[in-house]
Amino acid sequence: MSDCRHTFPNGDVYCGAVDNDLPHGYGKYEWSDGSFYEGEWSEGVKHGTGKYKWASGSSYEGLWAEGCMHGIGTYVGSDNSEYHGSFVKDKKSGYGKKRYPNGDIYEGLWQNDLAENLGIYQWLNGDKFNGEWKQGKMHGHGTFVWHTGERYDGDWKSGLENGPGLFIWADGSAFYGFWEEGKKHGSGVWWRELDAAT
């Protein structure tokens, strides 16, 4: 294994350790479009710890395996979004926290780049959901608290209240019953906060 600097006919440049004419060990590869990878290599592929920066301005710094983002790392998008957590073969999978361009934050479990299983989503306006997710949507059991003071604790399906649940308004009024596609459905029990003057 030796170190070298090589410029390719297309303008790409590699500087670092090589073995059998392939990047192997630590090195930096710069593509002609302005993107680059600096870190560990194994037989010509990104493997180990390293940083990749795309020509768009997006970047990833963390663990790699067989050329893919794989393990713990931080991805910063060109849109100013940021994710720190687990990746599996270039996809957000496992536990991680993402800050979206609009300031919203999701922290919890992921699968194939989507919120999955348990997680907390905090909207910039103060709304908050804590519960179960499926393919990026609220699905299962969870609690949604609005910044205006209302809250719903119950079942969800594809992002909407669906099944048994308790809704409490800011004035203390409440409804417990069944919901379907975000609307009250069937029987239920109402109660209201008593006026202190009565």
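The values are calculated or read from the model by the stated rules, or taken from the named source; none is laboratory data. No experiment lies behind these values; they were computed from the predicted model shown. Backbone-built Cβ (ideal geometry, glycine too); neighbour counts: all protein chains shown. Just so you know, the surface numbers come from the protein's heavy atoms only, side chains and all, with ligands and any DNA or RNA stripped out. Shrake-Rupley method; radii C 1.70, N 1.55, O 1.52, S 1.80 Å.
A few remarks follow.
- Selection count, the stretch 1-41, where residues are open to solvent by less than 80 Å² (accessible area, probe 1.4 Å) and either polar (S, T, N, Q) or within 31 Å of the chain's Cα centre (by Cα) (or both): 15
- Residue check, Gly44 over 30 Å from Trp133 (Cα atoms), of a type outside the set (Asp, Glu) and surrounded by 20 or more Cβ atoms within 10 Å (Cβ to Cβ): no
- All of Gly103, Gly188, Gly108 fail the test of being surrounded by 17 or more Cβ atoms within 10 Å (Cβ to Cβ) and either assigned to a loop (DSSP other than H, G, I, E, B) or small (Gly, Ala, Ser) (or both), apart from Gly108.
- The set of residues in the stretch 150-176 that are within 27 Å of the chain's Cα centre (by Cα) and in a loop (DSSP other than H, G, I, E, B) comprises Glu150, Ser158, Gly159.
- Of the residues making up the stretch 111-132, those that are more than 28 Å from Ala65 (Cβ to Cβ), in a loop (DSSP other than H, G, I, E, B) and open to solvent by 30 Å² or more (accessible area, probe 1.4 Å) number 4.
- Among the residues of the stretch 55-70, those identified as assigned to a loop (DSSP other than H, G, I, E, B) and either closer than 10 Å to Val88 by Cα or open to solvent by 40 Å² or more (accessible area, probe 1.4 Å) (or both) are Ala55, Ser56, Glu66.
- Condition met for Gly73 (in contact with a strand residue (DSSP E or B) (Cβ under 7 Å, 6 or more places away or on another chain) and farther than 22 Å from Ser56 by Cβ): no
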